[in-house]
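Below is one structure, written out as structure tokens; comments come after it.
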Amino acid sequence: MTAAAFDFASLLPAGLPPPAAKWTGLAKYSFVGGNIDPEQVPVDGLIDAVGAVLRREGKALATYNVAHGPQGYWPLREFLTAKLKRDAGIVSTVDDILIVSGSLQALDLVNQTLLARGDTVIVEQETYQGSLTRLSRLGVNVIGVPLDRDGMRMDALASALADLKMRGIRPKYIYTIPTVQNPTGTILPEARRAEMLNLASEYAVPIFEDDCYADLIWDGKRRPPAIYAMAGNGDVIHIGSFSKTIAPALRVGFVVAPWAMMSRMLALKTDAGSGSLEQMVLAEYCTPHFNTHVPELTHALRGKLGTMMEALNEQFGTSAEFEEPKGGIFLWVKLPDNVDTLKLYQSALAAGVSINPGPEWSTSKAHSGNRLRLCFASPSHQQIREGIAVLADVCRREFGVPVRIANVEKRARG
Ligand SMILES: Cc1ncc(COP(=O)(O)O)c(C=O)c1O
């Protein structure tokens, strides 16, 4: 027997976001989202870690936060303080770190702490869709600063800040993804980080640094120090995640912030703590294995990027333009001007290929209308080759480009 539909609609308060659509599954060729390579999830290591930590400390799960307090499992925070010092130059103690349910929860906590409707924030012109949708839902004005091959342009940031000041507006923060930017894959050099800090301090605006791809740099090249590490006066909030290095479905991220922010965010984190078992397993696995796991992971990702770039060159020829990213899991691609990637998204989906259309990842619809973001981490090499061929066919059918039918040529040759 099915219950009669109750009229919830009449009870809903004003200002709710539109209702969510039902999950319909992933496309056959999925190049969307921040999913990672299934082959690189360290399953055996995680199995050992679960067994070991449960045998040793399992009974502690009887207490919320396993009695380690609302900032999270102590050994995971200890792992992070050592890792952040070694890799990003961040000097912190376990008290500076808050474990959250994915860095998305960090975005929400920072936003809830600092933002009110009508406020202004500065972001990179191309940026993370999850940040843009949150800001638009909050009714915040978003100013996009253009990027070049080295990330956010400091001349453009300086003009944006000066312009806002002239209009009597003090932005609430500068949000940046400086180390392997999403979606462009750029890395902000140390000198620009210093410039950003100078500008931030001149205009008294904090920096919100999202470093979730920072471990995924090709060939283990040394990354520049985190902006948080370079700041002198506690005006940077730093967030990171285990989603891209271990597994996004674990939902474990972290915030490093001065107590003035931390204490406010803790007051807003009303979920009685993020899941302790995930944190325990991560600490158990990462403390001995993270440093050997990451080079294997980036090696595999670099291989998939190679396949993706090859497939695009083969199928799209000169119609697809892109800069090789310095790490990460995404390729940001420019198609000819007449291609509308919002429309391409619809037609490609009908053919079993999902892509992220550029306008959803940008504050400039004009600049991003013919661009798209492709995730090369989660599909297999074969899916990348097949999916890009289908995408090229759809694009040709809808927009007349690419003109050259590379796969037909290849078949004729072979
Ligand atoms: C730039 C950026 N920040 C934050 C997140 C959120 O990640 P998670 O909540 O899985 O840690 C993502 C996910 O793709 C991202 O790309």
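State whether one or more residues within region 284-298 are closer than 15 Å to Ser378 by Cα and either more than 16 Å from the ligand (Cβ to nearest atom) or touching a Leu at 6+ places or on another chain (Cβ under 9 Å) (or both).
The first filter runs over region 284-298 and keeps only residues closer than 15 Å to Ser378 by Cα, leaving 297-298.
Okay, now just the ones that are also either more than 16 Å from the ligand (Cβ to nearest atom) or touching a Leu at 6+ places or on another chain (Cβ under 9 Å) (or both), so 297-298.
Scanning region 284-298, I find at least one residue that is closer than 15 Å to Ser378 by Cα and either more than 16 Å from the ligand (Cβ to nearest atom) or touching a Leu at 6+ places or on another chain (Cβ under 9 Å) (or both), so the answer is yes.
Any idea which of Ala21, Ala4 is within 30 Å of Glu386 (Cβ to Cβ), over 21 Å from the mean Cα position of the chain (by Cα) and open to solvent by 50 Å² or more (accessible area, probe 1.4 Å)? Please lay out each step first, then the result.
Numbers: Ala4 fails: within 30 Å of Glu386 (Cβ to Cβ).
Just one listed residue meets the conditions, Ala21.
Under the condition of being touching a residue at least 40 places away in the same chain (Cβ under 8 Å), of a type in the set (D, E, K, R) and not in a helix (DSSP H, G or I), which residue from region 126-169 is nearest to the ligand (Cβ to nearest atom)? Checking each candidate, the answer is Glu126. Residues satisfying the criterion are absent from region 301-320 (criterion: assigned to a strand (DSSP E or B), in contact (Cβ under 8 Å) with a residue 40 or more places away in the chain and either more than 30 Å from Asp48 (Cα to Cα) or in contact with an Asp or Glu (Cβ under 8 Å, 6 or more places away or on another chain) (or both)). Tallying residues that are among the basic types (Lys, Arg) and assigned to a loop (DSSP other than H, G, I, E, B) within region 178-194 yields 0. Of all residues assigned to region 61-80, at least one qualifies as being in a loop (DSSP other than H, G, I, E, B), at pLDDT 95 or above, on the phi > 0 side of the Ramachandran plot and surrounded by fewer than 21 Cβ atoms within 10 Å (Cβ to Cβ). The residue that is nearest to Phe79 (Cα to Cα), among those in region 224-242 that are open to solvent by 10 Å² or more (accessible area, probe 1.4 Å) and modelled with pLDDT of 95 or more, is Ser241. The residues on offer are Leu107, Leu98, and the sole one that is in contact with a Phe, Trp or Tyr (Cβ under 7 Å, 6 or more places away or on another chain), within 16 Å of the ligand (Cβ to nearest atom), open to solvent by less than 60 Å² (accessible area, probe 1.4 Å) and in contact (Cβ under 8 Å) with a residue 40 or more places away in the chain is Leu98. The listed residues are Glu398, Glu360, Glu409, and the only one of them that is part of a helix (DSSP H, G or I) and at pLDDT below 95 turns out to be Glu409. Of all the criteria given as (1) within 16 Å of the ligand (Cβ to nearest atom); (2) among the aliphatic types (A, V, I, L, M); (3) in contact with a helix residue (DSSP H, G or I) (Cβ under 8 Å, 6 or more places away or on another chain); (4) open to solvent by 40 Å² or more (accessible area, probe 1.4 Å), the one not satisfied by Ala249 is (3). Against the condition open to solvent by 10 Å² or more (accessible area, probe 1.4 Å) and in a helix (DSSP H, G or I), how does Leu266 come out, does it pass? Considered against the rule, which asks whether it is open to solvent by 10 Å² or more (accessible area, probe 1.4 Å) and in a helix (DSSP H, G or I), Leu266 comes out as yes.
The values are calculated or read from the model by the stated rules, or taken from the named source; none is laboratory data. Bear in mind that the values here come from a model prediction, so they are computed numbers and not experimental data. Heads up, the Cβs are rebuilt from the backbone with ideal geometry, glycines too, and the neighbour counts pull from every protein chain shown. Side chains included, ligands, DNA and RNA excluded: accessible areas come from the protein's heavy atoms. Shrake-Rupley method; radii C 1.70, N 1.55, O 1.52, S 1.80 Å.
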